[in-house]
1. Cβ-Cβ distance below 6 Å, separation of 6 or more or different chains: which pairs start in region 36-65 with a residue that is within 16 Å of residue 129 (Cβ to Cβ) and end on one that is surrounded by fewer than 20 Cβ atoms within 10 Å (Cβ to Cβ) and modelled with pLDDT of 90 or more?
2. Residues in region 322-333 that are surrounded by fewer than 24 Cβ atoms within 10 Å (Cβ to Cβ) and outside any loop (DSSP other than H, G, I, E, B): how many?
3. How many residues does region 94-123 hold that are over 14 Å from residue 134 (Cβ atoms) and over 25 Å from the mean Cα position of the chain (by Cα)?
4. Among the candidates 140, 115, 111, 54, single out the residue that is modelled with pLDDT of 80 or more, buried (at least 22 other Cβ atoms within 10 Å of the Cβ), hydrophobic (A, V, I, L, M, F, W, C) and within 25 Å of residue 226 (Cβ to Cβ).
5. Taking residue 376 and the conditions (1) over 18 Å from residue 254 (Cα atoms); (2) in contact (Cβ under 8 Å) with a residue 40 or more places away in the chain, which numbered condition does it fall short on, given that it satisfies the others?
6. I need the full set of residues from region 119-129 which are surrounded by 13 or more Cβ atoms within 10 Å (Cβ to Cβ) and either hydroxyl-bearing (Ser, Thr, Tyr) or more than 17 Å from residue 56 (Cβ to Cβ) (or both), in order please.
7. Please pick out the residue among 282, 305 that is out of contact with any strand residue (DSSP E or B) (no Cβ under 7 Å at 6 or more places or on another chain) and over 28 Å from residue 391 (Cβ atoms).
8. If I ask for residues that are at pLDDT 85 or above and either among the polar types (S, T, N, Q) or touching a Pro at 6+ places or on another chain (Cβ under 8 Å) (or both), which ones from region 373-404 would you list?
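The values are calculated or read from the model by the stated rules, or taken from the named source; none is laboratory data. The structure presented is a predicted model; accordingly, all values stated were derived computationally and were not measured. When we count neighbours, we look across all protein chains shown, and the Cβ atoms used for this are built from the backbone with ideal geometry, even at glycine.
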Amino acid sequence: MSSPATAPDAEATNSPLNAGKLSYMWRALAHRNFRLFFYGQTISLVGTWMTRIATGWLVYRLTGSAFLLGVVGFAGQFPSFVLAPFAGVFVDRWNRHRLLIFTQVLAMLQALTMAVLTLGGWITIWQVVVLSILQGIINAFDMPTRQSLIVELIDKKEDLSNAIAVNSSMVNAARLLGPSLGGVIIAAAGEGWCFMIDAISYIAVLGSLVMMKVPQKPRDHSKDKQILHDLREGWDYVARSRTIRSILLLLALVSLVGMPYTVLMPVMADKVLGGGPNTLGLMMAATGVGALIGALFLTARKTVLGLGKYIPLAAGLFGVALVLFAMSRSLWFSLPLLVVTGFGFINQLAVSNTLLQTIVDEDKRGRVMSFYVMAFMGTAPFGSLLAGTMAEWWGAPTTLIVGGIGCVLGGLWFFRLLPELREEIRPIYRQKGILPEIATGVQEATELRVPPES
């Protein structure tokens, strides 16, 4: 009889979707648990992206204010800045599979509340703010749990980078479909039905989570200390690693000055490009196309070696496209530029995620990924609030130009650090057997001739 730890691998081998029949790009789907995760999340995330576009349009319809768009963006993301580091401590202590089921149930109830209030005609801007705060609290625990759980759904750890890339493809396929459907539904029936479809879509992900057979890893409770001690331990671990620290700093900068462009999309669609909800849906879908292309590009890679250089290149590409988009006054010129912004942003995000998941120690994975969430989602609310305020005074296009320039400067800073980061990361790759010479046992003299890639 197979042990619980090996059973999932056996199931993956016997599955009709085994690795021999899968395209190399999709090899992570050979693992049963990850395959269930992929299908359930794909359905649910379409609903999530519908809710995002519906929330922005609802706020803009109720208020006509770019500033309040920024306030709602701030409310939905600020909890990640405050709570994510503490959430990471619990993710490292608790059963990640059960914790994700709990957060998904709460998210479903939040979406259902939005649907009932909107369809009933009772919704107000302050109710949207409060419910956005609630969703932000849920996300503060959900996102580090989700990121940390992926490694437990893959039986062959060499497929982890592919799983992360496939996961990004799933997110961005939903990002492509969700806003397009959302724009049509908003125009035909109103925002409330987007929220209702989102609530119903959670049934798929909850069903997939219940069907998983995740091995229960024993926790060493003797190491459980006070929360503040574990938090400090995680902070010190991140601070000592220049690679982890630099990746998170650049991600935080791009999220602060660049990512708020999504908050201003309703203003750009209406005031700048002269469109409505369908135009907004097209614009959001265009970013989804670019992000999906970027994610598919990463699924084709066979190794994490050489990924490091894509982080500054992607940040710079995102910034340049954002500046050009801000200058555009034509929808048909704006859409290709939004494809490029999506491509650039998702590449930086997914490559950063992959490198962090590859080099981090397992007992600190939850805490490191909570800082990843803090850098990605936690700084964005300040950017949303700043972008909304700047847009009120100087206009949305000027705000986007400033943000794009900031992303380009951040990419140049990271590019200068690459040689030092490669030197730091090489011993970790040796220890994990990622460098080919170490994995095959070639002598030290040979390993010194490996190209210095990170």
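1. 62/125; 63/125
2. Adding up the residues that qualify gives 7.
3. Residues that pass the stated criteria total 7.
4. Answer to the selection: 140.
5. (1)
6. Passing the criteria: only 119.
7. 305 is the lone residue from the list that is out of contact with any strand residue (DSSP E or B) (no Cβ under 7 Å at 6 or more places or on another chain) and over 28 Å from residue 391 (Cβ atoms).
8. Across region 373-404, the qualifying residues are 398, 399, 403.
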